[in-house]
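Engineer: After the structure tokens below, expect a handful of questions from me.
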Amino acid sequence: MFDGTDRVVDINSNFIDNGGGPEVWYTDPFGRHGQTEPFPGSIRQFIARINNDRGGLELAGPGIGGERDYGGPRVHAPN
């Protein structure tokens with residue numbers, strides 16, 4: 001049964017290659033169509049001006065929420 005209560009966050013191995021790039025960009029509400037100039041309905045987002053590739057070293061850390069039960073008698077799938 002799907003009740004929408006499975007919540008997991010895994011932010012491992014995120015690479016940013018933006019050493020000389022913009023610090024602000026604009027996307028649509030789904031994070032797509034990024035560009036450096038605002039457009040109707042766009043959302044301003046900030047990004048670090050860094051390059052953190054770590055020389056190809058892939059670091060791993062824990063995921064969050066995989067073992068937690070977010071269900072309950074009044075929890076249901078989103079409409």
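Every number here is computed from the coordinates shown, using simple stated rules; none is lab data. Model, not experiment: these values are computed from the prediction. Heads up, the Cβs are rebuilt from the backbone with ideal geometry, glycines too, and the neighbour counts pull from every protein chain shown.
Engineer: Can you list residues from other chains, or at least 5 along the same chain, whose modelled amide H is less than 5 Å from the amide H of I47?
Structural biologist: Excluding prolines and chain starts, which carry no amide H, the hits are V24, W25.
Engineer: Where in the stretch 32-50 is the amide nitrogen less than 20 Å from a point lying 7 Å along the Cα-to-Cβ axis of D17?
Structural biologist: 32-36, 47-50
Engineer: Considering the zone a paramagnetic label at D53 would reach in this model (a point 7 Å from Cα along the Cα-to-Cβ line), which residues of the stretch 7-39 have amide N under 19 Å from it?
Structural biologist: So the set is 13-22.
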